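The values are calculated or read from the model by the stated rules, or taken from the named source; none is laboratory data. The structure displayed is predicted, hence computed values, not measured ones. Reconstructed Cβ throughout: ideal geometry from the backbone, glycine too, with neighbour counts over all protein chains shown.
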Amino acid sequence: MGLDIGRAQDYSALSIVARKWFTPNAEDLDPKRLLSRYYVMYMRRFELNTPYEIVEQEVARLWGMPEMNGTRNWAIGDMTGVGAPVMEGIRRKRVPMIGVVITGGETVSQPQPNEYHVPKEALVTQLVKLAQNGRLKVMKGVRYQDEFREELGAFGYKINKGSSTVSYESIENAVHDDLVISVALATWFAESHAPAKVMVGQSFQSNDYKSYDPYGRN
């Protein structure tokens, strides 16, 4: 679960993303050949000026759903600025929220347990790469999928001539990025900190017939 907290005239957005591990074929159970893909299962953009208490209640409601039961589920939220008290409000509702302060720096740090400082560029760069590599899918029927595609498409790339590195940044200032950030928070934590390559029983086989590529390539 990823939560982006809106400030002033910005939207708050909430996403649920599932990670699936699979192998090239059903008979292959070698963990070394496991591949992962992310599926956006749910997105919600809250109306402007929605009270934060409503956002907190919705996070707690979704976290309490039977589908969210289990030991390999995580909730990650933007605790930048006004997000900090919102995170505390959600935690008081018994949701073990992991807070992320989105920074303009270049390095990731963890000043205390369950709190990370992460550059916005790192969040979005990783998400864009997942999408470009075909590792990010959006389930058909998910609300706000068109808005998500528009947001993701508004990020272009620039090349640092000194280091030859590629980074991504918004090239359309008029486009919001709340949905992108909510999904990016979830995928960033999953890629960087969540236990990986878990095999239980037979391997999951990739099945994309009910999902679409966010760039419209299928």
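Structure above, values below:
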read-out	value
Which numbered condition Tyr52 misses (of (1) in contact with a Lys or Arg (Cβ under 9 Å, 6 or more places away or on another chain); (2) farther than 18 Å from Phe189 by Cβ; (3) hydroxyl-bearing (Ser, Thr, Tyr))	(1)
Residue match in the stretch 71-86 (condition: over 16 Å from the mean Cα position of the chain (by Cα), closer than 22 Å to Val180 by Cβ and among the charged types (D, E, K, R))	no
Failed item in (1) among the hydrophobic types (A, V, I, L, M, F, W, C); (2) within 17 Å of the chain's Cα centre (by Cα); (3) at pLDDT below 60, with Ile159 passing the rest	(2)
Members of the stretch 62-78 found to be farther than 14 Å from Gly89 by Cβ and either of a type in the set (Lys, Arg) or in contact with a Leu (Cβ under 9 Å, 6 or more places away or on another chain) (or both), listed by number	Leu62, Met68, Arg72, Ile76
